[in-house]
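The values are calculated or read from the model by the stated rules, or taken from the named source; none is laboratory data. Just so it is clear, the model here is predicted, and its values are computed rather than measured. Don't worry about glycine lacking a Cβ; one is built from the backbone with ideal geometry, like all the others, and counts go over all protein chains shown.
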């Protein structure tokens, strides 16, 4: 029986599959099984997957007869099929350094309290060209706490969930992580009905069961492109319901200070207000957002003023785009006010 079960959930990622599968098969740790799931892709993904399955006995395939509608359903299905003690969910559009498992596996084997170990991530564009290290994201998101990720660490997961995971999903994506299978099953896996934040909630449940380990080596390459779900999913109000449920879960099962819980709600209220003017406006979304407004108002009493300012800056942003000076203006603001704005698409 292989020590590590590598799960590759795929949907319409044929252009990236070869690099993904090769980066798994070329791992220096060879004692692995590879489970490739396809969720009724409309491209030639299955042809590529079948070719690799025929040439490497470590590969098993599972082809859905109808689309599941959720990557988290595929995660759970892959884990149910897995026989290894450790799970690596290798998303089909990412790729990895050949030493990822070599670096993460000994951590989980050496400390049975570690439930998840992950490595530093590099954000790449659709062509696989480096954009930045995820350390830049940590620097922007956590500022005073960002030095935590400049060294390897093993920390109490309960504390990490209450102090850091409350504010942001600190694990860039599943491809960076090796997970203890027994704990995955113990917490019930990922939330199959969630649109975007099922991984965030899953990590919260997982970390409250043990320790988190981090390796400060760039071993995971996280591809961002127009097909990435995160590009569009945060424009629906449902994702903010998910985040509020994560907050409630951590508040109920962790031990966050009230001041941090209050701050986290205020931050997400800002995310929500920023998305309002980019959402599709229909009756369902209007009712949904009306309810969210009163939920966030409890934590951010000045929310009405914030919405007016957000509308002003939205109009200003569109105007500067029309003038063709938006990029230059952002550069000027970043020079005058370093760290105020973050550009997720900038290249190093």
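Brief remarks on what is shown
- Among the residues listed as 78, 128, 84, the single one being touching a strand residue (DSSP E or B) at 6+ places or on another chain (Cβ under 8 Å) and at positive phi: 128
- Only one of the listed residues (65, 33) is assigned to a strand (DSSP E or B) and more than 20 Å from the chain's Cα centre (by Cα). That residue is 33.
- Helices (runs of 4 or more DSSP H) wholly inside the range 132-211 that include at least 3 residues being over 25 Å from residue 4 (Cα atoms) and either in contact with a helix residue (DSSP H, G or I) (Cβ under 8 Å, 6 or more places away or on another chain) or outside the structural domain of residue 70 (by TED's automatic domain parsing) (or both): 135-142
- Which numbered condition residue 51 misses (of (1) over 27 Å from residue 194 (Cα atoms); (2) crowded, with 23+ Cβ neighbours inside 10 Å): (2)
- Some residue of the range 36-44 being without any contact (Cβ under 8 Å) to a residue 12 or more places away in the chain, touching a strand residue (DSSP E or B) at 6+ places or on another chain (Cβ under 9 Å) and either more than 23 Å from residue 192 (Cα to Cα) or assigned to a strand (DSSP E or B) (or both): no
- The range 4-28, residues that are under 16 Å from residue 89 (Cβ atoms) and assigned to a loop (DSSP other than H, G, I, E, B): 11, 13, 27
- Residue within the range 139-146 that is crowded, with 22+ Cβ neighbours inside 10 Å and within 18 Å of the chain's Cα centre (by Cα) present: no
- Test: residue in the range 89-111 that is farther than 19 Å from residue 21 by Cα and in a loop (DSSP other than H, G, I, E, B): yes
- Residue 83 vs. criteria surrounded by fewer than 19 Cβ atoms within 10 Å (Cβ to Cβ), assigned by TED's automatic domain parsing to the domain that holds residue 107 and within 20 Å of residue 183 (Cα to Cα): yes
- Residues in the range 94-121 that are under 16 Å from the mean Cα position of the chain (by Cα) and closer than 27 Å to residue 208 by Cα: 116, 117, 118, 119, 120, 121.
- Checking 291, 223, 278 one by one, the residue that is touching a residue at least 40 places away in the same chain (Cβ under 8 Å) and exposed (fewer than 15 other Cβ atoms within 10 Å of the Cβ) is 278 and no other.
- Of the residues making up the range 239-280, those that are part of a loop (DSSP other than H, G, I, E, B) and either under 19 Å from residue 156 (Cα atoms) or touching a helix residue (DSSP H, G or I) at 6+ places or on another chain (Cβ under 9 Å) (or both) are 254, 255, 256, 257, 277, 278, 279.
- The listed residues are 54, 65, 47, 22, and the only one of them that is out of contact with any helix residue (DSSP H, G or I) (no Cβ under 9 Å at 6 or more places or on another chain), over 24 Å from residue 188 (Cβ atoms) and modelled with pLDDT of 95 or more turns out to be 54.
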